[in-house]
Amino acid sequence: MPRPPDDEWIGRLYDRHGAALYRYAVMVLADPAGAADVVQTVFVSLLRQRARPDFDERYLRRAVRNECFSALRRRQRDVLASASPILEAVEAGRDRPDERIALERALRELPADQREVVHLKVFEGMTFQEIADLTNESINTVASRYRYAIEKLRAYLT
Amino acid sequence: MNDFDDPLRGYRPAGPPSDLRARIMREAEHATSSSLRDWLPAIAAAGLIALFSALGHEIHVDIDARLSAPDDVRLVEQWLPDDVGGLR
């Protein structure tokens with residue numbers, strides 16, 4: 001089946017995966033503007049690989065992950081000065097700014113790889129095995145990162 | 001669930017800015033037109049090469065035609081020796 005024109009194709013792909021990929025990037029980078037740049041870079045780079053039959057969620061997530069960590073390496077640090085919100089209340093009206101800001105501060109204190117594991121485990125409900133597959137790390141490493149992250153967050157918040 | 005999960009449960013990572021889709025579409029359009037624009041000099045160069053090659057060929061054929069006028073040459077070969085004193 002012929003592929004639809006580029007704009008339509010990229011638009012559909014973004015509608016299907018864009019928000020989830022952005023949320024993933026915003027947690028890894030702890031920087032909304034950086035996350036937007038990463039997602040934009042990944043989607044535009046897909047145009048150069050039009051010969052591929054399809055881009056599944058796994059491929060896109062890996063592409064975003066690679067781009068996020070490349071961006072962090074370029075910045076030489078993973079705790080950014082960005083003060084823009086990286087969390088939002090699931091239900092409108094549930095947002096308590098003090099609580100949210102404290103959570104965001106605590107998350108920003110974590111290294112990017114620990115934030116990533118927290119995101120995948122807590123917000124996306126992935127198992128340690130699935131996270132290990134995605135990150136090419138051992139399941140023990142992933143579980144340790146999660147444990148360290150939770151301990152740090154708990155210490156920070158108490 | 002552990003102690004930290006509980007407060008996090010009410011939150012999720014912030015969603016994308018409303019203009020991100022439009023930004024991507026604009027950038028995609030730009031990237032597509034850029035790639036065409038990137039090829040334009042190469043296409044123009046190829047066209048010039050083809051043009052000069054055709055012109056060169058035409059000139060070559062013309063020169064060949066002038067230089068290899070066999071009848072004239074044969075005529076000269078016939079009268080020149082006699083004309084210069086009968087070298088033959």
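FYI, it's all coordinate maths here, none of it is from the lab. Model, not experiment: these values are computed from the prediction. Heads up, the Cβs are rebuilt from the backbone with ideal geometry, glycines too, and the neighbour counts pull from every protein chain shown.
Paramagnetic label reach from A:THR141 (point 7 Å along Cα→Cβ; backbone nitrogen cut-off under 18 Å): within segment A:16-50, residues A:28. Using the Cβ-Cβ distance between B:GLU29 and A:ARG75 with R0 set to 30 Å, the FRET efficiency from 1/(1 + (r/R0)^6) comes to roughly 0.55.
Length gained on full extension, A:SER45 to A:TYR156: 36.1 nm, using 0.36 nm per residue less the C-alpha separation. For the options A:GLY11, A:GLY34, A:GLY93, a Gaussian network treatment of chain A with springs between C-alpha atoms closer than 10 Å singles out A:GLY93 as fluctuating the most. Rounded to the nearest 10 degrees, the inclination of helix A:57-75 to the longest alpha-carbon principal axis of chain A is 60 degrees. Extents of segment A:94-158, largest first, come to 36, 23, 15 Å (Cα atoms, principal axes, whole angstrom).
In plain terms, the C-alpha convex hull of chain A casts an average shadow of 10.6 nm² when viewed from every direction. For A:MET126, the residues 5 or more places off, or on other chains, whose built amide H falls under 5 Å of its own are A:LYS121. Between B:LEU40 and B:ASP62, the distance separating the two model label sites (each 7 Å from Cα on the Cα→Cβ line) works out to 3.3 nm.
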